[in-house]
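Colleague: Can you read through this structure? Questions will come right after.
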Amino acid sequence: MSGGYFGHLAVHPGLFVNSEWLLKQKIKVKEKKKGDKVIAKEWLWGPGLTYYHHTGNSNVYIPGVELIRRKSSAKRFYRDFALGSQFLWLFNAGESFRIDENGEVKKGFLASDAQFGISTSIGWGWKIQRDQEKLRSLYISPQVIWLLGYNDGIAPMVSMKLGYRIFNKTPI
Amino acid sequence: MRGKLNITLACALALMLFQLSACYRTGVPEKGRTLFVRIAGADLPVYLHGNDASEVVILLLHGGPGGNGLEYRSGTYAETLESNYIMAYMDQRGQGAARKTGGDYEVTMSQLIDDVDAVVKVLKAELGQDKKIYLLGHSWGGTLGTGYLLHDNHQTKIQGWIEADGAHDIPLLNRMAIQMFIEHGEAALKRNEHVEKWTEIVNWAKSVDVDQIDDETGGKINSYAYEVEGLIDSLGKQDEGGIPYRMLYSPVDPIISSITGRRTSNKLVADGIEDLAYTSQLNQLTLPVLLLWGKYDFVVSPELGRSALTHLGSSVKSMILFDHSGHSPMNTEAEAFASAIVSFVEKTK
């Protein structure tokens, strides 16, 4: 489980929550002079929900799912790469109007549209509270959602996640 | 699993309530107001800023194609205009923060003209039918604005037309740019200024057949025209006062805007905008017109302004040439640019 700050272009604020489930884990032990080095390589998947507000543009809800490849060792740092599929529900951040068939101006209510995108992200985590049963970490993850069909083409939506993660199972 | 779901749903509900709280406003509050106009498969944002008490609304048509409205909300000129009037900065279809929302989406000149008309209708309905709407078009906004005013007698809905370095005749614009490259280039070479660059540009310009300018040559003219401004020593300094331009905090995502703007520009070129020439129809325009031009505008030659002044059917028309400006006098002679507009609006409103 993880959650934290989501910033579209880092500065347009939002929140996110993600869950993770382990699909596959491979633990490798390398013998070193100073002692054995243990490396865990994991495949995880998980759904998530993100919301952010871009003033004068949109309020965006993003339910999605990600496949994550994570590599960690006994050291404090770990890194991961995620590939996901995201559905973006964008509500106009302002009043919406349309012209009806008689040429009259009509006010809309919560006008929205939907976009679909493929997300790619890399993440770096820093483990804290390693002595507890469930490992906790802070992490940073730049993300690009490649919006498919945005104004008839592909457009990259760049964002940044700063989060707190509680591992279901301690990798190492 | 259920616990996680509850947390997620609670967060979503809280956020939805926050979103609803930003929905309904009236007039133009101090921090501005955003309207979205939904038309033909697109949501077009219109950002309102300025003096809520004013009876005048200036609808700004940005340049490009590929620009955005809020690019023009910076500097001293924008501050002066906002202190006097309501400024409406719209993002055109496929540009800025405008988004495709439906299947009937298309990018054509004809659709962009319909979009402007829809925005004018919404501004009148929302701000008051008694508001006097002026159009201010810069560069490509001059093409779109002229097209709009000529179409279906839309000029009757507009109090006045302010064309700033506007491209209302693109074939003429290209021919005049070539002529300017040669004239200014040869003069600069005589003075031994920027010899290498001017030699390259003058030789290239002399090789162009002005009766056969294709899209590729048009693009090259545009590219050289911007480059040449950097070679003119008498241009004024870029305005650094007034409203600061905060790109990262703007409602427009600069990355997405840049990519989709370029795509939209290509679509409009494919639609034939490079052949748009409104000079012969300008006699149909009878509303008050103010033409503002930079003397050293190689992108849209001042000759277009002079030609428009001759051809316009308006009884109230004038042209102001800015001696220390290129394509964007609002940035180089900001105060003079703003006071020219204020003076025009006060005389014609």
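Colleague: What size of dipole, in debye to the nearest 20, comes out for the range A:1-66 about its Cα centre when the only charges are +1 on Lys and Arg C-beta atoms and -1 on Asp and Glu C-beta atoms?
Modeller: 660
Colleague: Translational diffusion coefficient of the range A:78-133 at 25 °C, 0.890 mPa s, Stokes-Einstein with Kirkwood Rh over Cα pairs, in µm²/s as a whole number.
Modeller: 155
Colleague: May I pose another question? For chain A, give the magnitude of the charge dipole about the Cα centre (Cβ charges: +1 Lys/Arg, -1 Asp/Glu; no others), in debye to the nearest 20.
Modeller: Value, rounded to 20: 1840 debye.
Colleague: Excluding residues fewer than 8 places away in the same chain, name every one of the lysines whose C-alpha is closer than 30 Å to that of B:K347.
Modeller: Output for B:K347: B:K31, B:K121, B:K124, B:K131, B:K132, B:K157, B:K237, B:K295, B:K317.
Colleague: Which angle from 0 to 90°, rounded to the nearest 10, does the C-alpha axis of helix B:109-127 make with the longest principal axis of chain B?
Modeller: Between the helix axis and the principal axis of chain B, the angle is about 50 degrees.
Colleague: Sequence neighbours fewer than 8 away in the same chain don't count; with that in mind, list the lysines whose C-alpha is under 19 Å from A:K34.
Modeller: Qualifying lysines at Cα under 19 Å: A:K75.
Colleague: Hey, another quick one. In deg cm²/dmol and to the nearest 500, what is the mean residue ellipticity at 222 nm of the protein assembly as shown if only DSSP H runs of at least 4 residues count, each as -39500 (n - 2.57), divided by the residue total?
Modeller: Here the helix-only value at 222 nm equals -9500 deg cm²/dmol.
Colleague: Placing +1 on the Cβ of each Lys and Arg and -1 on the Cβ of each Asp and Glu in the range A:97-145, which of A:I99, A:Q143, A:A111 has its Cα farthest towards the positive end of the resulting dipole?
Modeller: A:Q143
Colleague: So if I place +1 on the C-beta of Lys and Arg and -1 on the C-beta of Asp and Glu, and nothing else carries charge, what would the dipole magnitude of the protein assembly as shown be about its Cα centre? I want it in debye, nearest 20.
Modeller: The calculated dipole for the protein assembly as shown is roughly 4320 debye.
Colleague: Right, here's the next one. Of the options A:V38, A:N57, A:I68, report the single residue whose Cα projects farthest towards the positive end of the charge dipole of the range A:31-71 (beta-carbon charges: Lys, Arg +1; Asp, Glu -1).
Modeller: My answer, from the dipole projection, is A:V38.
Colleague: Give a residue-ordered list of calculated ³J(HN,Hα) values for the range A:143-152 (Karplus: 6.51 cos²θ - 1.76 cosθ + 1.60, θ = phi - 60°; whole Hz; x for Gly, Pro).
Modeller: 9, 10, 9, 7, 6, 9, x, 7, 6, 6
Colleague: Further question on the same structure: Just to verify a number: FRET efficiency for A:V65 and A:L162, C-beta to C-beta distance, R0 = 30 Å, to 0.05?
Modeller: The pair A:V65/A:L162 has a calculated efficiency of 0.90.
Colleague: Over the Cα atoms of the range A:38-168, how large are the radius of gyration and the largest Cα-Cα distance (Dmax), in Å?
Modeller: That works out to 19.3, 71 Å for Rg and Dmax.
Colleague: Quick check: pseudo-label points 7 Å beyond the Cα along Cα→Cβ at B:D233 and B:Y245, how many nm apart are they?
Modeller: The modelled label-to-label distance comes out at 2.7 nm.
Colleague: Sticking with this structure for a sec: Please report, largest first and rounded to whole Å, the three semi-axes of the ellipsoid equivalent to the range B:291-349, where each semi-axis is the square root of five times an eigenvalue of the C-alpha gyration tensor.
Modeller: Equivalent ellipsoid semi-axes, largest first: 19, 17, 6 Å.
Colleague: I would also like to ask the following. Subtract the Cα-Cα distance of A:W21 and A:K75 from 0.36 nm times their separation in residues, and report this length gain in nm to one decimal.
Modeller: Gain on extension, A:W21 to A:K75, equals 17.2 nm.
Colleague: How about A:K71: which lysines have a C-alpha closer than 16 Å to its C-alpha, ignoring those fewer than 8 places off in the same chain?
Modeller: A:K24, A:K26, A:K28, A:K30, A:K37, A:K41, A:K127, A:K169
Colleague: Another question about this same structure. Relative to 2.2 N^0.38 Å, what does the C-alpha radius of gyration of chain B come to as a ratio? Two decimals please.
Modeller: Cα Rg divided by the expected 2.2 N^0.38 Å: 1.05.
Colleague: Another one. Computed on protein heavy atoms with a 1.4 Å probe, what is the summed buried accessible area for the chain pair B and A, in Å² to the nearest 100?
Modeller: Buried surface at the B/A interface: approximately 4300 Å².
Colleague: Roughly how many Å² of A:V65 are accessible to a 1.4 Å probe, to the nearest 10?
Modeller: Rounded to the nearest 10, that gives 60 Å².
Colleague: The protein assembly as shown: Rg/Rh from Cα coordinates, Kirkwood Rh?
Modeller: On the Cα set of the protein assembly as shown, Rg over Rh gives 1.07.
Colleague: Further, regarding this structure: Show me the ranking of peptides A:114-120, B:45-51 by mean Cβ neighbours inside 10 Å, starting with the highest.
Modeller: B:45-51, A:114-120
Colleague: Another question about this same structure. Along the charge dipole of the range B:186-256, which of B:S223, B:V195, B:S207 sits closest to the positive end, that is, farthest toward it, with unit charges on the beta carbon of Lys, Arg, Asp and Glu (+1, +1, -1, -1)?
Modeller: Highest projection toward the positive end goes to B:V195.
The values are calculated or read from the model by the stated rules, or taken from the named source; none is laboratory data. Please read these numbers as outputs of a predicted model, since none were measured by experiment. Note that we place each Cβ from the backbone using ideal geometry, even for glycine, and neighbour counts take in every protein chain shown. The area values use the complete protein model at the heavy-atom level, side chains included, leaving out ligands, DNA and RNA. Shrake-Rupley method; radii C 1.70, N 1.55, O 1.52, S 1.80 Å.
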